[in-house]
Amino acid sequence: MRPTAPDAVKILVAGGFGVGKTTLVGSVSEIAPLRTEEPLTAAGLDVDDLAGIEEKRATTVALDFGRISIGQDLVLYLFGTPGQQRFWFMWNDLAIGALGAVVLVDVRRPESSFAAIDFFERRGIPFVVAVNGFHGRHPYPAAEIREALALPEHVQVLLCDARERASSRDVLLALIDQLIEAASGAAAS
Ligand SMILES: Nc1nc2c(ncn2[C@@H]2O[C@H](COP(=O)(O)OP(=O)(O)OP(=O)(O)O)[C@@H](O)[C@H]2O)c(=O)[nH]1
Ligand SMILES: [Mg+2]
C-alpha cells in the first residue's frame, strides 16, 4: 500500500474579545503556534472592555495559527481570529476555505460572541459553540447557554477549559464528527 498524505482541514477559532481563542490554539497545537499579539496599552482603555479579563496583557491583531493531527489521516489547521471589533474585517479572508469553526464563549460575557455566531450562521459554515469556563468554573449547564444564545438544536454546545489540551481537543473532535456526519449524510442522499 502506498502511503497517502493526510487530508488537511482548515478550522477557524472565533469569538469575542478575550474569550480564550489564542489560549485554545496554543493549548492544542502540536507545533509552536504562530501568534500575532500586541500589548494592550492605555491608548485602548476607552475601546477595549477588560471587565472580567483584567489580567489580559495582549491582544491578537491578525491571527493565531496552529496544527493538530487526528490519527494518521487528518490534519487540522487552526486559524484563530482577532476578537476586537476593529479587526473583524479580517474574518472574511480568514474564513476562505474553512470547513468548520469553533465559536468560543466566555461564560461570564456570552454576548461578546454573538457576532461570531451570526458570522458563521450567515455563511452557512458549520460550527460548534465551546463555553470556556474561566477559572475552571462552569456555573451554567450547556442547555442554559444554548437558550441565552438562542442557538438552534443542531448547534452543539460544549463546556471546555481552553487552557487544557485534552479539553480543547475534545471540542475539535466534536466539530470533526459533526462535519463527517454531515458529509456522509450528503453523500447518502
Ligand atoms: N482563568 C482562565 N484564564 C483564561 C482561560 N482562557 C484564557 N484565559 C486568559 O484570559 C486572557 C484572554 O485569553 P486569550 O487567549 O488572549 O483570548 P483571545 O480570545 O485570544 O483574545 P483576543 O485575541 O484579544 O480577542 C488571557 O490572559 C488568558 O491567559 C481560562 O480558561 N481560564
Ligand atoms: Mg487572541
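Tabulated data
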read-out	value
Residue 158 long-range amide H proximity, modeled H, under 5 Å	129, 130, 131
Loop-located GluC sites (Glu not before Pro) in region 1-90 whose Cβ has at most 13 other Cβ within 10 Å (DSSP)	30, 54, 55
Contour excess over end-to-end distance, with Cα ends at residue 147 and residue 108 and 0.36 nm allotted per residue	12.6 nm
Helical contribution to [θ] at 222 nm, DSSP H n ≥ 4, -39,500 (n - 2.57), averaged over the chain, rounded to 500	-8500 deg cm²/dmol
Exposure proxy ranking, count of Cβ atoms within 10 Å, fewest first, for 120, 89, 134	89, 134, 120
Fully extended contour minus Cα-Cα distance, from residue 41 to residue 165, at 0.36 nm per residue	41.7 nm
Cα-centre dipole for region 7-188 with unit charges at Cβ (Lys and Arg positive, Asp and Glu negative), debye to 20	220 debye
Restricting region 104-169 to trypsin sites (Lys or Arg not before Pro) in coil, as DSSP defines it, with at most 12 other Cβ within 10 Å	137
Cα lying deepest toward the dipole's positive end in region 7-188, options 103, 81, 174, charges on Cβ	81
Kyte-Doolittle at least 0.0, axis length at least 15 Å by Cα - qualifying DSSP helices, the chain	165-188
Over the chain: Rg over Rh, Cα atoms, Kirkwood Rh	0.97
Order of 21, 10 under a 10 Å beta carbon neighbour criterion, fewest first	10, 21
Within region 90-189, GluC sites (Glu not before Pro) in DSSP loop having at most 13 other beta-carbon neighbours inside 10 Å	153
Förster radius 22 Å - calculated FRET efficiency between residue 7 and residue 187, Cβ distance, rounded to 0.05	0.90
Cβ-Cβ FRET estimate between residue 58 and residue 138, R0 fixed at 30 Å, reported to 0.05	0.70
Region 7-188: antiparallel DSSP beta bridges as a percent of all, rounded to 5	35 percent
Sequence-separation-based contact order of the chain, relative, with Cα cut under 8 Å and 6+ spacing, percent	25 percent
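None of the figures in this text is laboratory data; all of them are computed from the coordinates on show. Values in this document were obtained by computation on a predicted structure and should not be read as measured data. Using ideal geometry, Cβ is built from the backbone for each residue, glycine included, and neighbour counts are taken over all protein chains shown.
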